[in-house]
Structure formats: structure tokens, C-alpha cells
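Following: one structure in C-alpha cells, then a few remarks.
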Amino acid sequence: MANYPETSPWHRTGFTNLGSLGILRIRSVPAASDDSQYTIESQYTHRPDLLAYDYYGTPKLWWVFAQRNMDIIKDPIYDMRAGTTIYLPKPTSLKKLLGV
């Protein structure tokens, strides 16, 4: 396995025999009954890192929005537009899921 922190989308991705990063193993973020529904505000347009920082306290969890809302967000940057409604996992639930 790769040596990335639990908050990284590459945490479960291994290395090839040549020492390069292997094929990405997608980390799922399943729906939970306590997820919050959120309509993206203009200051977060194309900036999932800013929303992650404000909601989770770290910009490193930007990828969670795309993984939790795969039916809405196909491109994790350009599909983050003001007015789009997505689901946000609660910080405590996400920490439990990621093991941090």
C-alpha cells in the first residue's frame, strides 16, 4: 500500500513494481442518514478545497464531496457550482469512516 494519510484519496492505492503509484483504488463515501443537504454558495464555486476547509477543518478532504455525490458531481472542480445541492457527510461520521 501507498504511504498516504487516511485523509488522502490515494490512501488505499499501492505502488507498481517500478515504484510508481499504482491504479487508484476509489475510496467510497456511502450515504448515511445523518448527511446534511447543502446548496453550494458562490464563494465555493470551483473550490471544493475551501468548502472542505470550512466544513471539515482541512482542505485535504475536498475529494469527499465528489465521492459522496457521484450522481451529481462528475468533475470535482467544475461541477462545484453555486446553486448545486449536494450531500455532506457529518464531520464525526467521516472521521469514523476514514479511521482518523
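The numbers here are math on the coordinates, done by the rules we state, and not lab data. For clarity, every value in this text was computed on a predicted model and none was experimentally measured. Neighbour counts run over all protein chains shown; Cβ positions are idealised from the backbone, glycine included.
Tell me whether region 74-85 contains one or more residues that are within 30 Å of N3 (Cβ to Cβ), in contact with a Pro (Cβ under 9 Å, 6 or more places away or on another chain) and without any contact (Cβ under 8 Å) to a residue 40 or more places away in the chain. Yes: region 74-85 contains one or more residues that are within 30 Å of N3 (Cβ to Cβ), in contact with a Pro (Cβ under 9 Å, 6 or more places away or on another chain) and without any contact (Cβ under 8 Å) to a residue 40 or more places away in the chain. Of all the criteria given as (1) touching a strand residue (DSSP E or B) at 6+ places or on another chain (Cβ under 6 Å); (2) closer than 19 Å to S93 by Cβ, the one not satisfied by T39 is (2).
Filtering region 73-100 down to residues that are closer than 18 Å to S33 by Cα and in a loop (DSSP other than H, G, I, E, B), which residue is farthest from the chain's Cα centre (by Cα)?
K90
The number of residues in region 23-71 that are surrounded by 15 or more Cβ atoms within 10 Å (Cβ to Cβ), in a loop (DSSP other than H, G, I, E, B) and free of Cβ contacts under 8 Å to residues at least 24 places away in the same chain comes to 2. Filtering region 72-89 to residues that are surrounded by 16 or more Cβ atoms within 10 Å (Cβ to Cβ) and under 19 Å from S8 (Cα atoms) leaves I73, P76, L88, P89.
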